[in-house]
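A short write-up of the structure that comes next.
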């Protein structure tokens, strides 16, 4: 079943297009790693998919519904978004922060139910932050805050999860843990689109890769067909040597002048 369809999408700000003619799809349970240089428009694309002010033209369909026809609550019950930026100074506890993800499923002015608390605890367990439940969000490290925000996004119980560099600020172990979790979500039927710079690790768990650069899509397909030296060198504007690492991922090494 097609969970996300993007057709001829153009996106940008103030009438100026950052991306044009983007088309791709994501099946139920599919994990797509979106790669590209800084400033390529990856965040802009994620916002456009959710109709958050950057969509200029084209069509986005989520679970068979046109994104422009969905109300905010309807969208929030289908799709969850983890942005790069959020309120680092929040005095809410970790548990209270994760429970924010339950708002789309609650009636106005209702309090947290036993089901909400159970789901929040489950999501904190999944992301490894259950031991921080009572800590103020503002007192956490950057990596811990990232994991808490991921738990909050999961608490929405989305069928489509959009993530803007979910493993940023995390050490190697936690990067792997995040991508393992995304792979597990895929087996549970959740579709994931995540921008990332962890090409080697993401390649182990992604079912597809979308390469974005120069105002458009340079390639889309299974990781082995996109993660080649020729394509990645073109996308990032630097000579790169790419090889499979023997573990299902890729080793990507920049070549210095004179190296071959």
All-but-one check, residue 54 against (1) surrounded by 20 or more Cβ atoms within 10 Å (Cβ to Cβ); (2) touching a helix residue (DSSP H, G or I) at 6+ places or on another chain (Cβ under 6 Å); (3) not assigned by TED's automatic domain parsing to the domain that holds residue 189, failing number (3)
| message | Looking for something in the same structural domain as residue 28 (by TED's automatic domain parsing), free of Cβ contacts under 8 Å to residues at least 24 places away in the same chain and surrounded by fewer than 23 Cβ atoms within 10 Å (Cβ to Cβ) - is there at least one such residue anywhere in the stretch 185-204? | response | no
Considering the stretch 25-44, residues that are on the phi > 0 side of the Ramachandran plot and in contact (Cβ under 8 Å) with a residue 24 or more places away in the chain, and then whichever is surrounded by the fewest Cβ atoms within 10 Å (Cβ to Cβ), we arrive at 29
Listed by first then second residue, the pairs whose first member lies in the stretch 212-238 and is in the same structural domain as residue 13 (by TED's automatic domain parsing) and over 16 Å from residue 252 (Cβ atoms), whose partner is loosely packed, with under 15 Cβ neighbours inside 10 Å and at pLDDT below 95, with beta carbons under 7 Å and at least 6 positions apart or on separate chains, are none
Matching residues in the stretch 197-209 (at pLDDT 95 or above and within 20 Å of residue 151 (Cβ to Cβ)) number 0
When residue 174 is run through (1) in a helix (DSSP H, G or I); (2) in the same structural domain as residue 47 (by TED's automatic domain parsing); (3) within 12 Å of the chain's Cα centre (by Cα); (4) in contact (Cβ under 8 Å) with a residue 40 or more places away in the chain, the failure sits at (3)
Open item on the list: Could you go through the stretch 29-51 and let me know if any residue there is touching a helix residue (DSSP H, G or I) at 6+ places or on another chain (Cβ under 9 Å), modelled with pLDDT under 95 and assigned to a helix (DSSP H, G or I).
Closed with: no
Among 97, 93, the single one that is surrounded by 14 or more Cβ atoms within 10 Å (Cβ to Cβ), in contact with a helix residue (DSSP H, G or I) (Cβ under 9 Å, 6 or more places away or on another chain) and more than 28 Å from residue 44 (Cβ to Cβ) is 93
| task | Report yes if residue 69 is free of Cβ contacts under 8 Å to residues at least 12 places away in the same chain, farther than 19 Å from residue 217 by Cα and either outside the structural domain of residue 208 (by TED's automatic domain parsing) or in contact with a helix residue (DSSP H, G or I) (Cβ under 7 Å, 6 or more places away or on another chain) (or both), otherwise no. | result | yes
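The values are calculated or read from the model by the stated rules, or taken from the named source; none is laboratory data. Everything quoted here is computed from the prediction, not taken from an experiment. Quick reminder, even Gly has a Cβ in these numbers, built from the backbone with ideal geometry, and neighbours come from all protein chains shown.
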